[in-house]
1. Given Ser57, Ser64, which one is hydroxyl-bearing (Ser, Thr, Tyr) and modelled with pLDDT under 90?
2. Report yes if some residue within segment 16-32 is at pLDDT 85 or above and either on the phi > 0 side of the Ramachandran plot or β-branched (Val, Ile, Thr) (or both); otherwise report no.
Amino acid sequence: MAQERRSSPEGSRGSPQRKLDKSALKRHVQAHPDAKLCERAVHFGIHTSAIWYALRSMSMVKKSA
């Protein structure tokens with residue numbers, strides 16, 4: 001039995017639409033450099049770890065002194 005392929009609602013490339021716009025996150029970091037991860041997560045309506053991973057992928061991890 002051959003499996004039937006269904007067209008995905010994600011788009012032509014097969015990647016899902018992201019909840020977090022990285023350009024909006026970058027603007028938020030520039031506007032509020034002292035905001036905590038939890039505050040950013042509430043602002044964007046996503047989990048704290050998603051903010052951390054996004055900042056890490058953008059090389060914007062805040063290091064404590």
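1. From the options Ser57, Ser64, the qualifying one is Ser64.
2. Yes: segment 16-32 contains one or more residues that are at pLDDT 85 or above and either on the phi > 0 side of the Ramachandran plot or β-branched (Val, Ile, Thr) (or both).
The values are calculated or read from the model by the stated rules, or taken from the named source; none is laboratory data. Model, not experiment: these values are computed from the prediction.
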